[in-house]
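Pasting a structure here, questions to come.
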């Protein structure tokens, strides 16, 4: 009989642990959903469609590269060759 009681106690402990993990997972999911909502709102404010995000990132990277090249070309050549 004592073995059954111990087994029941183990099951109760495992069940409580599972409930705790479930609550933590639900809280994390809620947090991530809120974060997703904030990111989507931010994208909307920037005028970027989520489906075109990678395209926009590539465009911005190209723009940065172009501006860096322009800045490099405007540096006096004496400074570049002297280093």
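How many of the residues in the stretch 47-59 are loosely packed, with under 10 Cβ neighbours inside 10 Å and part of a helix (DSSP H, G or I)?
2
For residue 53, work out the one condition from (1) more than 19 Å from the chain's Cα centre (by Cα); (2) modelled with pLDDT under 95 it doesn't fulfil.
The one condition residue 53 does not meet is (1).
In the list 68, 15, 40, which residue meets the criterion of being surrounded by 10 or more Cβ atoms within 10 Å (Cβ to Cβ) and touching a helix residue (DSSP H, G or I) at 6+ places or on another chain (Cβ under 7 Å)?
It is 40.
The values are calculated or read from the model by the stated rules, or taken from the named source; none is laboratory data. Predicted model only: the values in this text are computed from it and were never measured. Because the Cβ atoms are built from the backbone with ideal geometry, glycine has one as well, and the counts that use them run over all protein chains shown.
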